[in-house]
Amino acid sequence: MHQRHCGDETPPVGAWMVPAAAERLRSIDFMHDRDLRCYESLDLPGGNFRAFLQDRGFAVVPLPWEDPAHSRTDPVQKRARLEEMRKLALRAYDDLPKPVLLICSAAIDRSAPAAAFIWKHREKIPPNPKENSDAKGLE
């Protein structure tokens, strides 16, 4: 949920959970910082977003990570934080039941680089999808 959803707009927080459960999603790696403020005004069962997800059977690993798109942090420090958080996301991925969903507020600056890092270090798909008969739809 991106920051523009805070305030008067209340997105359907749990709407994606039914299709996620149908896909047998078991874990969520939630990259957040101030994003959680968006959920504070919602009356979520369990009292907060993490408990809400856990109450629905998901294993949840929160990774506190400031949204780089809204950060005024020095670019060198941002890069160091990116490298650190990608490693933490990989460790969480290794420890969590699969499949794992990586989420952040906009799915651009945190979950995408973490997913690419995990894929690079854990998946065994050849660089050319045509070489892998299981990689349908990746062309």
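The values are calculated or read from the model by the stated rules, or taken from the named source; none is laboratory data. These figures come from a predicted structure and were not determined experimentally. Quick reminder, even Gly has a Cβ in these numbers, built from the backbone with ideal geometry, and neighbours come from all protein chains shown.
Of all the listed residues (Ala51, Ala106), the sole one being within 18 Å of Met17 (Cα to Cα) and outside any helix (DSSP H, G or I) is Ala106. Assessment of segment 40-53 against the conditions (surrounded by 14 or more Cβ atoms within 10 Å (Cβ to Cβ), at pLDDT 80 or above and among the aromatic types (Phe, Trp, Tyr)) yields at least one matching residue. Among the residues of this structure, Arg24 does not count as one that is at pLDDT below 90, closer than 22 Å to Gly14 by Cβ and part of a helix (DSSP H, G or I). Cβ-Cβ distances below 8 Å connect the following pairs, each with a first residue in segment 68-88 that is without any contact (Cβ under 8 Å) to a residue 40 or more places away in the chain, a second residue that is of a type in the set (Ser, Thr, Tyr), and a separation of six or more residues or different chains: Lys78/Ser71; Arg81/Thr73.
Taking the criterion of being exposed (fewer than 15 other Cβ atoms within 10 Å of the Cβ) and closer than 22 Å to Pro19 by Cα, the residues of segment 78-102 that qualify are Pro97, Lys98, Pro99. Taking Leu42 as meeting all but one of (1) touching a Ser or Thr at 6+ places or on another chain (Cβ under 8 Å); (2) closer than 21 Å to Trp16 by Cβ; (3) not in a loop (DSSP other than H, G, I, E, B), write down the number of the exception. Single failed check for Leu42: (3). Taken over segment 26-50, the criterion of being within 27 Å of Pro68 (Cα to Cα) and in contact with a strand residue (DSSP E or B) (Cβ under 9 Å, 6 or more places away or on another chain) is satisfied by Ser27, Ile28, Asp29, Phe30, Met31, His32, Asp33, Leu36, Phe49, Arg50.
In segment 54-77, the qualifying residues are those that are among the charged types (D, E, K, R) and exposed (fewer than 15 other Cβ atoms within 10 Å of the Cβ), and the one that is nearest to Trp16 (Cα to Cα) is Asp55. Glu123 meets each of the listed conditions (1) out of contact with any Leu (no Cβ under 9 Å at 6 or more places or on another chain); (2) exposed (fewer than 15 other Cβ atoms within 10 Å of the Cβ); (3) modelled with pLDDT of 85 or more; (4) under 19 Å from Arg26 (Cβ atoms) apart from (3).
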